[in-house]
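See structure below.
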Amino acid sequence: MVLYGWKGPCAHRSETGSLHLTEITTKAVQGFVAYLVGGGRSRKTVENELLTLSSLLRTARAWGYACGDFRFADLTLPREGVKREPRCFTDDEVRKIIASAPEPLSTIVAITAVLGLRIGETLALRRSDIDFAKHVIRIRQSLDGATRIPGAVKSKASSADLPMSRELETRLRAHLLRHDGVSELLFVNRRGRPLSANKLREKQLHPLLAKLGIERGGFHSLRHGAASSLLADGATPAVVQRQLRHSDARITLEVYGHVIGDEQRSVVQNRSARLVN
């Protein structure tokens, strides 16, 4: 059995530039790590690649193939780089964007920012997903950025009913009055096709940000801003996890662990008042 496409240290032995499974040793894998790092991959990406390779080897052995082996402990992995905090639109910036954006961009931004949705989830919303009786918005699908075809959400946890605020209800009712009544999707272009997130960002959002003097960011910055604002307002990580629909609370803490909430500020201030004159 041959692992195609990996041009590692032993690649010269094969005309295809690929490694036989028996040639996958710790030394060969270390060369693979060096190749990934040289291509600018992060430590996390390298670890994910190695986990995939390890799983492949386990499966190959279970099928009776002769395989090489490697140990994670014997590999030298890149150090963790300095993490860049994600671009987050502040609440003040979001208010300015919503107030200045034309429709339907204004409503799209409002929904995305308030609920912390992924832009594909916002653009995939259907009229049937809006439940005014129960005051919920159902997240059940996501729009593919390349094909503009609605498909499954990112994970099982991503499918959820989220609370509809009074302000969003008012906006959605007004939007439905402008709706063509033909398309099931809430947001479509003049030809009745799903909106393109890329075109919205490049042709409407970014020019608007430049006009308002707001640092450039994408639609995902609205999601980041929602999470950061909720945590800063004192919401627990568990609540933010449910709202953003992360599959694990550790994801929430890993991405937004830099946010200092009101409760944390309060306890630090109380301690400081007791200790420092």
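The values are calculated or read from the model by the stated rules, or taken from the named source; none is laboratory data. Since the model is a prediction, treat every value here as computed from it, not as a measurement. Here the Cβ positions follow ideal geometry from the backbone for every residue, glycine too, while neighbour counts run over all protein chains shown.
Can you go through 80, 49, 23 and tell me which one is acidic (Asp, Glu) and modelled with pLDDT under 80? None of the others qualify; the one that does is 80. Condition check: in contact with a helix residue (DSSP H, G or I) (Cβ under 8 Å, 6 or more places away or on another chain) and part of a helix (DSSP H, G or I). Does residue 172 satisfy that? Yes; evaluated as a whole, the condition is true for this residue.
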